[in-house]
1. Step by step: first the residues of the range 37-71, then only those that are basic (Lys, Arg) and touching a residue at least 24 places away in the same chain (Cβ under 8 Å), then the one that is surrounded by the most Cβ atoms within 10 Å (Cβ to Cβ). Which residue is that?
2. Mind checking which residues of the range 56-68 are assigned to a strand (DSSP E or B), of a type outside the set (Lys, Arg) and out of contact with any His (no Cβ under 7 Å at 6 or more places or on another chain)?
3. Out of the residues in the range 41-55 meeting the condition of being part of a loop (DSSP other than H, G, I, E, B) and of a type in the set (Val, Ile, Thr), tell me which one is modelled with the lowest pLDDT.
4. Are any residues in the range 12-29 free of Cβ contacts under 8 Å to residues at least 40 places away in the same chain and of a type outside the set (A, V, I, L, M), and if so, which ones?
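The values are calculated or read from the model by the stated rules, or taken from the named source; none is laboratory data. Computed from a prediction, not measured in an experiment: that's the story for all the values here. All Cβ positions, glycine included, derive from the backbone under ideal geometry; neighbour counts span all protein chains shown.
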Amino acid sequence: MSAAEHETTALPQPHTLTEMQRYGLHCVHCGGQMAPGGAVELGTQHNDDPILGRVAWYPRACTGCTARGQA
């Protein structure tokens, strides 16, 4: 998954992510599994995705991606 900065650029399109990334169980940037307490909430998103239609999703970033400035 390519990096996208949380507040300065758009998050990836939901159809490019796995279900686990859309549900906030894996990092939206690197796809790594989240450890308890090791995630940054990126806010509930509501999008009209060209493939999935109207989507509510819950992206989160891992502490590693956050430290690298990806969230």
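1. Checked the range 37-71; the qualifying residue surrounded by the most Cβ atoms within 10 Å (Cβ to Cβ) is Arg60.
2. Trp57, Cys62, listed by residue number.
3. My answer is Ile51.
4. Pro12, Gln13, His15, Thr16, Thr18, Glu19, Gln21, Arg22, Tyr23, Gly24, His26, Cys27, listed by residue number.
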